[in-house]
1. Residue by residue through the stretch 148-158, note down the ones that are open to solvent by 80 Å² or more (accessible area, probe 1.4 Å) and either at negative phi or in contact with a helix residue (DSSP H, G or I) (Cβ under 9 Å, 6 or more places away or on another chain) (or both).
2. Take the stretch 123-132 and flag every residue that is assigned to a loop (DSSP other than H, G, I, E, B) and either within 19 Å of the chain's Cα centre (by Cα) or within 17 Å of GLY68 (Cβ to Cβ) (or both).
3. Would you mind stating whether ALA293 is open to solvent by less than 60 Å² (accessible area, probe 1.4 Å) and at pLDDT below 90?
4. State all residues of the stretch 247-264 that are within 19 Å of the chain's Cα centre (by Cα) and in a loop (DSSP other than H, G, I, E, B); if no residue qualifies, say none.
5. Give me the pairs: first residue in the stretch 111-122 and over 17 Å from GLY58 (Cβ atoms) and in a strand (DSSP E or B), second residue modelled with pLDDT of 95 or more and acidic (Asp, Glu), beta-carbon distance under 7 Å, and six or more apart or on different chains, which are they?
6. How do the pairs read when you match residues in the stretch 224-237 that are touching a residue at least 24 places away in the same chain (Cβ under 8 Å) and closer than 11 Å to SER265 by Cα with residues anywhere that are assigned to a loop (DSSP other than H, G, I, E, B) and open to solvent by 40 Å² or more (accessible area, probe 1.4 Å), using Cβ under 6 Å and keeping only pairs 6 or more apart or on different chains?
7. Determine which single condition GLY135 fails, assuming it passes every other condition in (1) assigned to a strand (DSSP E or B); (2) more than 18 Å from the chain's Cα centre (by Cα); (3) of a type outside the set (Val, Ile, Thr).
8. Does ASP154 satisfy the condition of being within 26 Å of THR119 (Cβ to Cβ), at pLDDT below 90, not in a strand (DSSP E or B) and not aromatic (Phe, Trp, Tyr)?
Amino acid sequence: MAFSPTLDRIEGSRVSLTDLITGQSTGFTRPDSLASEVETTPVQLQNPLHHFVRTPNGRGLLAVCEEGEIGVWSKEKVGKPTKDTSTPKSLAGKGHWTLPKTPQHSAIFAKGRAIVFYTKDDTDATITLQHLDPGKSTPTTGVPLPEFALEEGDDLAMLMAVSDIDDGLSGKDRRTQRAVIMAVTTSGQAWCWRVTSLNVATTSNGDEPDVQPEIRLLHTYRLPVQGGSSPALVLPVDPMGWHTSVIDWKSDTPLQDMVLTISESGVLEYWQPRLGQHLAAAMETSIVSDLNANKEESLSWVRSGFVDTGRSNVGMARCSSRKKTVLSQLTWP
């Protein structure tokens, strides 16, 4: 079934029940504080849904449909409510376009403005980053993430992105400064990129130059799952956790797990990437590629938890924050 929300325009009115019941014309009023329009674009999906993803805080939503159709929404407040009233947030359409090929995995961050897609065909596999500029319903040209390459027979299992602004570091005219993108394959090969927005001055007419963010690979690493073989399942831990932030951006420290691997015998292992300045310094001196030779692979990811469930033949699982995991077995012993 196709998912087809339509949003052409957001409007707000103030209702007075007393005036409405007595037939007064002031029963419905649209004060100036509600008259300002929120930037929206009509989004009506025509094709069956392939998958949904959201920003870590749930304020941005991305729908990927068959035939490469893409829709993006974000939660917005309408107008400026007075002190004695509150205005609920509405789902506002932000973007609608079609890609040549339906992405297999997706992630969004920066209030739904930044979009990451993974696509694969017979000859190539890429992860690209795009951005929805204000007032635009289609994104910028995709920028491939550097140093991503799959081994033969491998495929991507999960894609996740988190950013400082989605973690609550926001304010008037605040924009995303830093983000982290993570990808893990079915064999347990993991990549971690840092995305840094470049501060640029606006032009004389108020427009911003088209400057691409800096994308840097922090590390690539094969997760040492229990038993030394490929995991049976790899899935992201829901970043909408109990913390105000998913990452402490001042110290580049994850505040919760990011990845869960499940072995064939039902062993759960929870992982956090290392994002500290020691890895950034390694990249500056071009020694990240020599981590294996220096036996410093343990710096890349940290196993924060280990649970042996004794459940084999796990066919499906979901993991929320704080190591809460639900498993579904294909067959019971």
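1. GLU151, GLU152
2. ASP124, LEU132
3. Against the criterion (open to solvent by less than 60 Å² (accessible area, probe 1.4 Å) and at pLDDT below 90), ALA293 does not qualify.
4. Result: TRP249, ASP252, LEU255, GLN256, ASP257, MET258.
5. Close Cβ pairs satisfying both conditions: LYS120/ASP155.
6. ALA232/GLU264
7. Unmet for GLY135, out of (1) assigned to a strand (DSSP E or B); (2) more than 18 Å from the chain's Cα centre (by Cα); (3) of a type outside the set (Val, Ile, Thr): (1).
8. So ASP154 does not fit the description; no.
The values are calculated or read from the model by the stated rules, or taken from the named source; none is laboratory data. Computed from a predicted structure; not experimentally measured. Counting neighbours? That spans all protein chains shown, and the Cβs are built from the backbone with ideal geometry, glycine included. Accessible surface areas use protein heavy atoms only, side chains included; no ligands, DNA or RNA. Shrake-Rupley method; radii C 1.70, N 1.55, O 1.52, S 1.80 Å.
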